[in-house]
Every structure is written in C-alpha cells, then in structure tokens.
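Asker: Before anything else, here's the structure in question.
The values are calculated or read from the model by the stated rules, or taken from the named source; none is laboratory data. This structure is a prediction, so every number in the text was calculated from the model and none was measured. Cβ atoms come from the backbone with ideal geometry, glycine included; neighbour counts cover every protein chain shown. Remember, those area values only see protein heavy atoms, side chains included, never the ligands or the DNA or RNA. Shrake-Rupley method; radii C 1.70, N 1.55, O 1.52, S 1.80 Å.
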Amino acid sequence: MKIRVLATLIALGAMSLVPLLTTGSAVAADDNVYLSDHDFPGASGELWKSTISALRGKKVTYVVNVTGFPLFDAWTQAIKRESELYGIDLTIQDGNWNTDAMNQAIVGAISGKADLLIIHNADRNVFSRNIKAAQEAGIYVVQLNMNSTVNTDAFVGGDYFGMGATIANDIVKDCSPKNGKSGKIAIVQGSTTASASFDQYVAAKQVFAEHPEIQIVSDQSTGPMWATDNAKQIVSAAIIQNPDLCAVYGMWDQMDLGSAAAIQESGKKDIMLYTSGGGASEMCDLVRQGSFTKYYAYNAVRQGYDIMSIVKTLLISRPEVGKSRIALFSPIEMLSKDTLKNWSCFDSTSVRIK
C-alpha cells in the first residue's frame, strides 16, 4: 500500500505567510451576469439586485490549516468558485501547519478591515483571542470543520461528538466478546488540541466507559501533524503486544493510511479499522479493498458549498456581529464494502489546487 506521509508536506520555517490566492475580478463582467449592472423588473428583480449588491466587493479572508489534501482543496475550490461568481473579494491564506502563521493571517484580516473571516481551526485554543478581536472589530467569523473554545457567528463541519459516539457504538457491537471477539481495541488520536480529535475522543470514551467488555489496550496521539508514520508505529506496536487485537479506531483518513499499512504488514486481516474523513475517491478505494472496514464520510465538496451558503447569508442579512450561533453539521455516511456506491466519494483530482 502506498502511504503518503504528512510530514513531507510541511515547509520548514514557514513563519511568514503569503496569500495563496486573491480573487474577486477573475471573471469579467461581460461573462458573468452577477458582476453586471442589469436591472430586472418587479419584486423578483428588486430581490435579485439587492442580493447581488450585498455580496459584490465584500472582503472575505479564508485561513486554512494547509492545502494539498483533497479535504482542504475541496473546500477551497468551492469557496473560490462562489466568490468569483458573486464578485466577493477573497483572500486565501495557507497556514502550512503553522499556527503562528495562521494567527498572523487573522491579525492581517482585522487590520485590513475584512467583512468576514473563514477559519479552519488547527487548534482549539490558539486562535481564541484573535477570533474575539475580529468579532469586536465587526468582522463575522465562520469556523470551518473544527471549532475553537470560542463560539462564533457560524460553524460548518463535522459533528465530532456525534461521530465519536456513533463509531464507538459500532466498535462495541463489532468487537463484543458475545460475538466471539476479544473486545480489545487501539485508539489512534490525532492532534489532541484539535476539536476533530478532541471531541471525537470525549464522546467515544463516554460510550466505552459504559461497556467494560471493551478493553482499550493502546491509546496514543500521532501529534500535532496527524502524522501517518506515527499512526503506523502506534498500531504496529499495539498488534505486537496484543495479537488478538479486534479493532483500531483512528480519527482521520489521511493519518490512518499508516494504521492501514500497519494492519496489512502484520498479516492479521481480521483486525478492523474505523476512520473518518471528507470522502475523497482514494478513501473509497481503500474501503473497496478492505483496508478501511468502516469509513465515516462527510462530503467535503458539499461542505464547501455549505460554507458559502452561510457566508452569503451573513453578508446579505447582516445580523449583529457575534450574536448569531449558527451550526451546520455535515451529514455523516457510514461506508463499508456493503454500503459503498459509485457516487459515495468525490473525485479528488477535480478539486486539486493548481
């Protein structure tokens, strides 16, 4: 199995942040009716005009943890496309796994008087102060897929509490000694300061606490980079120490390429692997191959358009900054060999940032 290592994508010393992309005038007015000055009759025409006018020229800054993965690039392409269509002045900042650089981008958006910030939180705590500062400056803040310790105008992403409880309940059923299984499982956490891992873990542990027949024989984090190699090492050690291991619970598909490799190399085909992610086509392939036993997918392309629906709603309706508490939790589909369809995952090549 080809394993892609997250660490190879980290650019060392990336403390300064350069905009990945600025858009807003990429489509000429002659080619895009939304950038034109057309007037249409009646109430529908009035609604059309007021809606388009509310979006055109608005300044949006999108701060993403890193690009170069199908999950993140799916969001980016949807955000870029919608912004170009409606004449939104979009700046995309790639943090390259560097929280200091991401904080710099947030500060830059505040000083640049952005109308709205989209933040992909790499850490539950590190952006809290600047998120508050942005809202105090009158900037809407939409948090993307991972929440901070501060609630903002809106959140769009996975329901990680619900996901953690769902996956844990499935593992309890599948690994129960009543079904002839050992009940032994290994948990592979991602970054413990990221809500995608932290919230899943909290919810899953509540479920496992109610089922003493389930033994957690290994419970470790791969570190702040969600490193594939670390996942492989953790799972390999757990299998050596527990030859009757029933299942591995990982918390992100990209990281769990390492978990899958460890299981494959052990030769123990009966060890089950549970993981989750944005539903890229490569991950569906791993479900078909049996490398991922159960894959809990939220569609990242759909999330991208959900993000922009929230962005447009805030910019059009203009509620008081900091008073809204909107959450759009993405539907989760459990994919296995039995439930997988041709359309279950999106084509990752179609969202690649060039």
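Asker: Which residue pairs have Cβ atoms closer than 9 Å, lie 6 or more positions apart in sequence or on different chains, and pair a first residue in the range 331-354 that is touching a residue at least 40 places away in the same chain (Cβ under 8 Å) with a second residue that is in a loop (DSSP other than H, G, I, E, B) and open to solvent by 80 Å² or more (accessible area, probe 1.4 Å)?
Answerer: Listed pairs, sorted by first residue: 335/341.
Asker: Return the pairs, sorted by first residue and then second, in which the second residue is buried (at least 22 other Cβ atoms within 10 Å of the Cβ) and not β-branched (Val, Ile, Thr), the first residue lies in the range 78-90 and is without any contact (Cβ under 8 Å) to a residue 60 or more places away in the chain and part of a helix (DSSP H, G or I), the beta carbons are less than 8 Å apart, and the residues are 6+ apart or on different chains.
Answerer: Taking only residues 6 or more apart or on different chains, the pairs are 80/90.
Asker: So, residue 262, is that one aliphatic (A, V, I, L, M) and surrounded by 22 or more Cβ atoms within 10 Å (Cβ to Cβ) or not?
Answerer: So residue 262 passes the test.
Asker: Output the residue which, of all residues in the range 54-73 that are of a type in the set (A, V, I, L, M, F, W, C) and in a helix (DSSP H, G or I), is surrounded by the most Cβ atoms within 10 Å (Cβ to Cβ).
Answerer: Selected residue: 71.
Asker: So, of the residues in the range 82-118 that are touching a Phe, Trp or Tyr at 6+ places or on another chain (Cβ under 8 Å), under 15 Å from residue 59 (Cβ atoms) and aliphatic (A, V, I, L, M), which turns out to be surrounded by the fewest Cβ atoms within 10 Å (Cβ to Cβ)?
Answerer: Per the stated criteria, the residue is 92.
Asker: Okay, next question. Which condition does residue 163 not pass, out of (1) open to solvent by 10 Å² or more (accessible area, probe 1.4 Å); (2) touching a residue at least 60 places away in the same chain (Cβ under 8 Å), if it passes all the others?
Answerer: Unmet for residue 163, out of (1) open to solvent by 10 Å² or more (accessible area, probe 1.4 Å); (2) touching a residue at least 60 places away in the same chain (Cβ under 8 Å): (1).
Asker: Being of a type in the set (D, E, K, R) and in contact with a Gly (Cβ under 9 Å, 6 or more places away or on another chain) is the filter; apply it to the range 315-351 and report the residue that is farthest from residue 196 (Cα to Cα).
Answerer: Per the criteria, the residue is 337.
Asker: Go through 190, 183 for me and flag whichever is touching a residue at least 40 places away in the same chain (Cβ under 8 Å) and on the phi > 0 side of the Ramachandran plot.
Answerer: The match here is 183.
Asker: Report whether or not residue 121 is more than 16 Å from residue 306 (Cα to Cα) and in a loop (DSSP other than H, G, I, E, B).
Answerer: yes
Asker: Kindly evaluate residue 323 against the criterion of being open to solvent by 50 Å² or more (accessible area, probe 1.4 Å) and either at negative phi or under 21 Å from the mean Cα position of the chain (by Cα) (or both).
Answerer: yes
Asker: Could you grab the pairs with beta carbons closer than 7 Å, sequence gap of 6+ or different chains, first residue in the range 226-251 and β-branched (Val, Ile, Thr), second one in a helix (DSSP H, G or I) and open to solvent by 40 Å² or more (accessible area, probe 1.4 Å)?
Answerer: Once the first residue is β-branched (Val, Ile, Thr) and sits in the range 226-251, its partners that are in a helix (DSSP H, G or I) and open to solvent by 40 Å² or more (accessible area, probe 1.4 Å) give 239/266.
Asker: What residue, of 76, 51, is open to solvent by 20 Å² or more (accessible area, probe 1.4 Å) and β-branched (Val, Ile, Thr)?
Answerer: So the residue among 76, 51 that is open to solvent by 20 Å² or more (accessible area, probe 1.4 Å) and β-branched (Val, Ile, Thr) is 51.
Asker: Suppose we filter 114, 134 for residues that are out of contact with any Asp or Glu (no Cβ under 8 Å at 6 or more places or on another chain), closer than 15 Å to residue 311 by Cβ, part of a loop (DSSP other than H, G, I, E, B) and among the aliphatic types (A, V, I, L, M); which single one remains?
Answerer: 114
Asker: What do you reckon, is residue 170 over 21 Å from the mean Cα position of the chain (by Cα), among the acidic types (Asp, Glu), in a helix (DSSP H, G or I) and under 30 Å from residue 301 (Cα atoms)?
Answerer: It is true that residue 170 is over 21 Å from the mean Cα position of the chain (by Cα), among the acidic types (Asp, Glu), in a helix (DSSP H, G or I) and under 30 Å from residue 301 (Cα atoms).
This table checks each residue for (1) touching a Cys at 6+ places or on another chain (Cβ under 8 Å); (2) charged (D, E, K, R).
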{"residue": "229", "(1), (2)": "no, yes"}
{"residue": "234", "(1), (2)": "no, no"}
{"residue": "241", "(1), (2)": "no, no"}
{"residue": "246", "(1), (2)": "yes, no"}
{"residue": "251", "(1), (2)": "no, no"}
{"residue": "254", "(1), (2)": "no, no"}
{"residue": "259", "(1), (2)": "no, no"}
{"residue": "268", "(1), (2)": "no, yes"}
{"residue": "273", "(1), (2)": "no, no"}
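Asker: Is at least one residue of the range 129-140 in contact with a helix residue (DSSP H, G or I) (Cβ under 6 Å, 6 or more places away or on another chain), touching a residue at least 60 places away in the same chain (Cβ under 8 Å), surrounded by 22 or more Cβ atoms within 10 Å (Cβ to Cβ) and more than 23 Å from residue 252 (Cβ to Cβ)?
Answerer: yes
Asker: Restricting to the range 208-232, name every residue that is touching a Ser or Thr at 6+ places or on another chain (Cβ under 9 Å), in a helix (DSSP H, G or I) and surrounded by fewer than 21 Cβ atoms within 10 Å (Cβ to Cβ).
Answerer: 229
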